[in-house]
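Visitor: This structure is in structure tokens; I'll ask about it shortly.
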There are 2 protein chains.
Amino acid sequence: MLTPGPTLVDPRVYRAMAQPLVGQLDPWFTKTMAEAQILLREVFRTKNRITYPISASGSGGIEASVVNPLEQGDEALVCVNGVFSERIAVIAERTGAKVTRVEAPHGTAVDANDVRRAGKGKKIKMIGLAHGESSTGVLQELADFRKAADELGALLIVDTVGTLAGIPLEVDHQRIDICFSASQKGLSAAPGLAPVTVSSRAEEVIRARKTQVQSWYFDLRAAMDYWGKQRLYHHTPPITLIYGLHEALRIVVEEGLEARWERHRQNQQALIAGLEAMGIELLVKNPAQRMATVTSMKVPQGMDDAKTRGRLLEEFNIAIAGGLGPLSGKVWRVGLLGHSSRREHVLRFLEVLERVLQQQGYRAPAKAGLVAAERSYGTAAEAPNAIAI
Amino acid sequence: MLTPGPTLVDPRVYRAMAQPLVGQLDPWFTKTMAEAQILLREVFRTKNRITYPISASGSGGIEASVVNPLEQGDEALVCVNGVFSERIAVIAERTGAKVTRVEAPHGTAVDANDVRRAGKGKKIKMIGLAHGESSTGVLQELADFRKAADELGALLIVDTVGTLAGIPLEVDHQRIDICFSASQKGLSAAPGLAPVTVSSRAEEVIRARKTQVQSWYFDLRAAMDYWGKQRLYHHTPPITLIYGLHEALRIVVEEGLEARWERHRQNQQALIAGLEAMGIELLVKNPAQRMATVTSMKVPQGMDDAKTRGRLLEEFNIAIAGGLGPLSGKVWRVGLLGHSSRREHVLRFLEVLERVLQQQGYRAPAKAGLVAAERSYGTAAEAPNAIAI
């Protein structure tokens, strides 16, 4: 499983999900919830009170993060450089807010100066962007956007679906106001939960709303009455998935965030070295803008997108993803996320890809990818396997 | 576990959820999705094209069922006789529609004639009600509301969270336009999915909207592109929970809906006979208005609500629920739902309740509850155990 999520999942997480179901107010379960929240704060690197997993997919995390601050007539800026950052804009528009898109070509990062220009003289309530745009593999540096948000007096809302627990992120230090993610990516839990964290400043903005949040299900204040000290019943959460997330978070903290970030970095460096040695072109040209978790490569000239991915899956049991939206049929996306980011996966993928492409007439020096990847690991060869299995 | 959900879960469902995660477009998984849809149609007794489990709790099912038909300025009638039917009104109000509540005291059903009167001369787009109001245990007969909806030209939207697969329900025959439920109730799967089904008439109403559905996540048309033939990616569903729901649905169909309804009926009859013999008063006076799945009883005079429930859980490992909202502290709710609706549970509960109440000074003839329940089962004694375990 080398798609940009879901990832392979540690057997400990499967075992945790097999625990018997109990009621949503059961003391043992509420203790598990409280522990999951403490662990989530550690992984987000935050002290935010409102930190909990929303009972929805990552897209539900977008919706919660956008409909809580925005009211009809508000103005928002959204940095759009792919399908998922576009989704922030699409969802923001459904609140009746005026949304301005600040765009960059797919495969590149948005320029914070374009955000400044777009917001000049306007009363911008939020700036939304994807830390990692999983549809292209582009990483967005956050500091400049934080500055721009400060200058405009706006909240900074960041999609970390493809980056949390795989790429350096420090919510408090980077002063992100609302940060959301998904359980089945860098955390390597099962899909169905969207961890979210909300700064006290964003809490104030939400509290100062004149109208009700348009979604009852995604109303962060109401849901926090359940996840907070009161444990007021809001809705029944997906208990099984919370068992699994709790265990997945423990695994992340046991490995250590820094070690985990470094593992992701090394494995992607090796993958890139291998692909380049095979003459395969990466979609993201600027190395500083490459997500360590998701790598997009162009489908080489003359190669068949669907056929190649089909053979990888059917003959070699390796799933990779195709392009989304305008990149459909043009790129392949390889996820080295969480439990899937492993040295043996990188090497096996390069070996098999060479074989499948050669059968379609692709020419590259034999074993070029494998050799380059091995060289990339070099003396650090042991580190990327330093993961509890 | 004798709360009104989650219920006990068949080991087959736990085993299904332990299956390895695959991608959301994996052919094997999409086959599981398609099968789950076929089984859901069977359990809802419908041929509706749009029939699938929403990636959210039952409350997300309410939101999806309400925000899709309603636009700002529309008029809606909601029958409110408890916390969950009230929630339909609360969520409908967030669409900007004008919502009129047709109320009945907690513990009784709403009168369809009150709905007719409230809608007279108005252009009502939808009538919402709970088939079973799980906060009180009241069952609402549907035929009269269907007639009222026809007279008013309105859609009929029905909450079957507490009734699906436990109490007779036939979506097509009863002509329900949008019907939603939850996975952890009569279906006895894990919580986190809200099965929904939408009639072609409701589909037309939704298609004729002038504005976009305010929720992206709960937009039924977009989600159906993924659950429909196209399999267009919308969001990543909670794959583990869908494995479990698929297996839980198979168990329901193996038992047979009629047999399952009868099992729920017999077990509740025995519970009621036992409680009445112990001198405990039921909240719902009219036998025709009692849900077979959830039974509410008044906390007997002089007995302590929290203490009694605490002792049941800690000493006897039996979880029952307290009252919600205005009934908090005043009633106990016992769920005999899905896999939890079993003869031995009824007998054990009556036996243990007698013991715990006696310790608080409650006086009733010894074993009265147990004897009455046994008598209620009578010659049908074998039927309620006819469940594959």
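The values are calculated or read from the model by the stated rules, or taken from the named source; none is laboratory data. Because the structure is predicted, anything quoted here is derived from the model rather than measured. Cβ placement follows ideal geometry from the backbone for every residue including glycine, while neighbour counts extend to all protein chains displayed.
Visitor: Tell me which residues, restricted to region A:109-154, are among the small types (Gly, Ala, Ser), under 16 Å from the mean Cα position of the chain (by Cα) and away from every other protein chain (no Cβ under 14 Å). Walk me through it before giving the result.
Guide: Filtering region A:109-154 for residues among the small types (Gly, Ala, Ser) gives A:109, A:112, A:118-119, A:121, A:128, A:130, A:132, A:134-135, A:137, A:143, A:148-149, A:153-154.
Adding the requirement that they be under 16 Å from the mean Cα position of the chain (by Cα) leaves A:109, A:128, A:130, A:132, A:134-135, A:137.
Residues satisfying the conditions are A:Ala109, A:Ala130, A:Gly132, A:Gly137.
Visitor: Take the residues in region B:236-286 that are among the polar types (S, T, N, Q) and at pLDDT 95 or above; name whichever of them is farthest from the chain's Cα centre (by Cα).
Guide: Initial filter on region B:236-286 (among the polar types (S, T, N, Q)): B:236, B:240, B:266-269, B:286.
Filter again for at pLDDT 95 or above, leaving B:240, B:266-269, B:286.
Working: B:Thr240: 22, B:Gln266: 18, B:Asn267: 17, B:Gln268: 16, B:Gln269: 19, B:Asn286: 20 Å.
Among those residues, the one meeting the criterion is B:Thr240.
Visitor: Another question, then. State all residues of region B:126-162 that are of a type in the set (D, E, K, R) and either under 21 Å from B:Ala64 (Cα atoms) or surrounded by 24 or more Cβ atoms within 10 Å (Cβ to Cβ) (or both); if no residue qualifies, say none. Spell out the reasoning first.
Guide: The initial filter retains those residues of region B:126-162 that are of a type in the set (D, E, K, R), namely B:133, B:141, B:144, B:146-147, B:150-151, B:159.
Within region B:126-162, B:Glu133, B:Arg146, B:Asp159 qualify.
Visitor: Condition first: more than 14 Å from chain B (Cβ to nearest Cβ), in contact (Cβ under 8 Å) with a residue 12 or more places away in the chain and more than 18 Å from the chain's Cα centre (by Cα). Can you find one or more residues in region A:176-197 that meet it?
Guide: No, region A:176-197 contains no residue that is more than 14 Å from chain B (Cβ to nearest Cβ), in contact (Cβ under 8 Å) with a residue 12 or more places away in the chain and more than 18 Å from the chain's Cα centre (by Cα).
Visitor: While we're looking at this one, here's another question. Under the condition of being among the small types (Gly, Ala, Ser) and within 16 Å of the chain's Cα centre (by Cα), which residue from region A:314-340 is nearest to A:Met303 (Cα to Cα)?
Guide: The first filter runs over region A:314-340 and keeps only residues among the small types (Gly, Ala, Ser), leaving A:319, A:321-323, A:325, A:328-329, A:335, A:338, A:340.
Applying the additional criterion that residues be within 16 Å of the chain's Cα centre (by Cα) yields A:321, A:335, A:338, A:340.
Numbers: A:Ala321: 15, A:Gly335: 21, A:Gly338: 29, A:Ser340: 26 Å.
Per the criteria, the residue is A:Ala321.
Visitor: Which of (1) in contact with a Ser or Thr (Cβ under 8 Å, 6 or more places away or on another chain); (2) surrounded by fewer than 23 Cβ atoms within 10 Å (Cβ to Cβ) does B:Val205 not meet, given it meets every other one?
Guide: Only one criterion in (1) in contact with a Ser or Thr (Cβ under 8 Å, 6 or more places away or on another chain); (2) surrounded by fewer than 23 Cβ atoms within 10 Å (Cβ to Cβ) is unmet by B:Val205, namely (1).
Visitor: Any idea which residue in region A:76-101 is farthest from the other protein chains (Cβ to nearest Cβ), counting only those that are farther than 18 Å from A:Gln140 by Cα and in contact with a strand residue (DSSP E or B) (Cβ under 7 Å, 6 or more places away or on another chain)? Walk me through it before giving the result.
Guide: Applying the first criterion (farther than 18 Å from A:Gln140 by Cα) to region A:76-101 yields A:76, A:90-100.
Imposing the further condition that a residue be in contact with a strand residue (DSSP E or B) (Cβ under 7 Å, 6 or more places away or on another chain) reduces the set to A:76, A:92-93, A:97-100.
Numbers: A:Ala76: 15, A:Ala92: 10, A:Glu93: 8, A:Ala97: 12, A:Lys98: 15, A:Val99: 13, A:Thr100: 18 Å.
Looking at the filtered set, the residue picked out is A:Thr100.
Visitor: So which of B:Ile167, B:Ile157, B:Ile176 is in the same structural domain as B:Leu220 (by TED's automatic domain parsing), more than 27 Å from B:Gln266 (Cα to Cα) and modelled with pLDDT of 95 or more? Steps first, answer last, please.
Guide: Values: B:Ile167 fails: more than 27 Å from B:Gln266 (Cα to Cα); B:Ile176 fails: more than 27 Å from B:Gln266 (Cα to Cα).
Of B:Ile167, B:Ile157, B:Ile176, the one residue that is in the same structural domain as B:Leu220 (by TED's automatic domain parsing), more than 27 Å from B:Gln266 (Cα to Cα) and modelled with pLDDT of 95 or more is B:Ile157.
Visitor: For A:Ala202, indicate whether it is away from every other protein chain (no Cβ under 13 Å) and among the small types (Gly, Ala, Ser). Break it down into steps so the answer makes sense when it comes.
Guide: Working: away from every other protein chain (no Cβ under 13 Å): yes; among the small types (Gly, Ala, Ser): yes.
Yes; evaluated as a whole, the condition is true for this residue.
Visitor: Okay, next question. In region A:13-58, how many residues are within 14 Å of another protein chain (Cβ to nearest Cβ), more than 29 Å from B:Gln24 (Cβ to Cβ) and either in contact (Cβ under 8 Å) with a residue 12 or more places away in the chain or surrounded by fewer than 17 Cβ atoms within 10 Å (Cβ to Cβ) (or both)?
Guide: Count: 4.
Visitor: Of the residues in region B:321-338, how many are of a type outside the set (D, E, K, R) and buried (at least 20 other Cβ atoms within 10 Å of the Cβ)?
Guide: Let us first name the residues in region B:321-338 that are of a type outside the set (D, E, K, R), namely B:321-329, B:331-332, B:334-338.
This time we only want the ones that are buried (at least 20 other Cβ atoms within 10 Å of the Cβ), so: B:321, B:323, B:327, B:331-332, B:334-338.
Adding up the residues that qualify gives 10.
Visitor: Can you tell me which residue within region A:290-310, out of those that are touching a residue at least 40 places away in the same chain (Cβ under 8 Å) and buried (at least 19 other Cβ atoms within 10 Å of the Cβ), is farthest from the other protein chains (Cβ to nearest Cβ)? Give the derivation first.
Guide: Let us first name the residues in region A:290-310 that are touching a residue at least 40 places away in the same chain (Cβ under 8 Å), namely A:290-296, A:300, A:302-304, A:307-308.
Applying the additional criterion that residues be buried (at least 19 other Cβ atoms within 10 Å of the Cβ) yields A:290-296, A:308.
On the way: A:Arg290: 23, A:Met291: 18, A:Ala292: 21, A:Thr293: 15, A:Val294: 14, A:Thr295: 17, A:Ser296: 16, A:Thr308: 16 Å.
Among them, the one singled out is A:Arg290.
Visitor: Out of (1) buried (at least 20 other Cβ atoms within 10 Å of the Cβ); (2) within 30 Å of A:Val253 (Cβ to Cβ); (3) not aromatic (Phe, Trp, Tyr), what's the single condition that is false for A:Glu344?
Guide: For A:Glu344, the exception is condition (1).
Visitor: Inspect region A:363-377 for any residue being modelled with pLDDT of 95 or more, exposed (fewer than 15 other Cβ atoms within 10 Å of the Cβ), farther than 30 Å from A:Gly256 by Cα and out of contact with any Phe, Trp or Tyr (no Cβ under 8 Å at 6 or more places or on another chain) and give the result as yes or no.
Guide: no
Visitor: Every residue in region B:287-310 that is farther than 20 Å from B:Leu164 by Cβ and outside any loop (DSSP other than H, G, I, E, B), please.
Guide: So in region B:287-310, the residues farther than 20 Å from B:Leu164 by Cβ come out as B:287, B:297-310.
Selection gives B:Pro287, B:Met297, B:Lys298, B:Asp305, B:Ala306, B:Lys307, B:Thr308, B:Arg309, B:Gly310.
Visitor: Which condition does A:His106 not pass, out of (1) touching a Ser or Thr at 6+ places or on another chain (Cβ under 7 Å); (2) surrounded by 23 or more Cβ atoms within 10 Å (Cβ to Cβ); (3) within 13 Å of chain B (Cβ to nearest Cβ), if it passes all the others?
Guide: Tallying (1) touching a Ser or Thr at 6+ places or on another chain (Cβ under 7 Å); (2) surrounded by 23 or more Cβ atoms within 10 Å (Cβ to Cβ); (3) within 13 Å of chain B (Cβ to nearest Cβ), A:His106 fails exactly one: (3).
Visitor: Are any of the residues in region A:315-322 in a strand (DSSP E or B) and within 14 Å of chain B (Cβ to nearest Cβ)? Break it down stepwise before answering.
Guide: Step one: filter region A:315-322 for residues in a strand (DSSP E or B), giving A:321-322.
Remaining after also requiring within 14 Å of chain B (Cβ to nearest Cβ): A:321-322.
Within region A:315-322, one or more residues are in a strand (DSSP E or B) and within 14 Å of chain B (Cβ to nearest Cβ).
Visitor: A further question on this structure: Out of A:Arg101, A:Arg87, report the one residue that is touching a Ser or Thr at 6+ places or on another chain (Cβ under 8 Å) and free of Cβ contacts under 8 Å to residues at least 40 places away in the same chain. Quick ask: steps written out before the conclusion?
Guide: Values: A:Arg101 fails: touching a Ser or Thr at 6+ places or on another chain (Cβ under 8 Å).
Result of the check over A:Arg101, A:Arg87: A:Arg87.
Visitor: Of everything in region A:212-221 that's at the interface with chain B (Cβ under 10 Å from one of its Cβ atoms) and surrounded by 15 or more Cβ atoms within 10 Å (Cβ to Cβ), which residue is nearest to the chain's Cα centre (by Cα)?
Guide: Here is the first cut: in region A:212-221, the residues at the interface with chain B (Cβ under 10 Å from one of its Cβ atoms) are A:212-219.
Keeping just the survivors that are surrounded by 15 or more Cβ atoms within 10 Å (Cβ to Cβ) gives A:213-219.
Numbers: A:Val213: 25, A:Gln214: 25, A:Ser215: 23, A:Trp216: 25, A:Tyr217: 22, A:Phe218: 19, A:Asp219: 22 Å.
The qualifying residue nearest to the chain's Cα centre (by Cα) is A:Phe218.
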